[in-house]
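The values are calculated or read from the model by the stated rules, or taken from the named source; none is laboratory data. Predicted model only: the values in this text are computed from it and were never measured. Cβ atoms come from the backbone with ideal geometry, glycine included; neighbour counts cover every protein chain shown. Surface accessibility is based on the protein's heavy atoms, side chains included, excluding ligands, DNA and RNA. Shrake-Rupley method; radii C 1.70, N 1.55, O 1.52, S 1.80 Å.
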Amino acid sequence: MLLVLIMLSIHALGRGQQEYYLSLAREDYYLRATEPPGYWVGTGASALGLTGAVDADGFRALFEGFHPDGTALVQNAGAEKRQPGWDLTFSALKDVSVFWAMVGAGERAAVEAAHAAAVAAGMTFLEDD
């Protein structure tokens, strides 16, 4: 069993930042130093019927306070002075990143699976009341 420790950083999102986040999510992360595509996680995503990879149009809608189907989710949806939400970034420790970079494909897959499990556990902890 592989254990991966993660760090969590939290930042307030600001209006107009959605294109910045969308420009980061690219398939060529390790070649171009951009982020891999995101995926929907958590009970909020499930409640809204959002699963799998994040699509740009759905992300833009949520950033503005609307469901991807166009339904307003909050009273101030689309308002100029609303805060879109929070950016929670789960990062592996540097040692894990170095290990990942130095091992073969099988070990990399194990590290990636352990990281995904750590993120899922972190989300469960954050959502638990």
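State the number of residues belonging to region 63-76 that are assigned to a loop (DSSP other than H, G, I, E, B) and loosely packed, with under 15 Cβ neighbours inside 10 Å.
7
Do you know which residues across region 9-62 are aromatic (Phe, Trp, Tyr) and either modelled with pLDDT of 80 or more or surrounded by 14 or more Cβ atoms within 10 Å (Cβ to Cβ) (or both)?
Listed by number, the residues that qualify are Tyr21, Tyr39, Trp40, Phe59.
Just give me the residues in region 100-113 being closer than 17 Å to Tyr39 by Cα and surrounded by 13 or more Cβ atoms within 10 Å (Cβ to Cβ), in sequence order.
Within region 100-113, just Glu112 meets the criteria.
Pull up region 114-129, narrow it to residues that are over 17 Å from Ile10 (Cβ atoms) and free of Cβ contacts under 8 Å to residues at least 12 places away in the same chain, then point me to the one that is least open to solvent (accessible area, probe 1.4 Å).
Ala116
Arg82: at pLDDT below 95, over 22 Å from Ser9 (Cβ atoms), charged (D, E, K, R) and not in a helix (DSSP H, G or I), yes or no?
For Arg82, the condition - at pLDDT below 95, over 22 Å from Ser9 (Cβ atoms), charged (D, E, K, R) and not in a helix (DSSP H, G or I) - is met.
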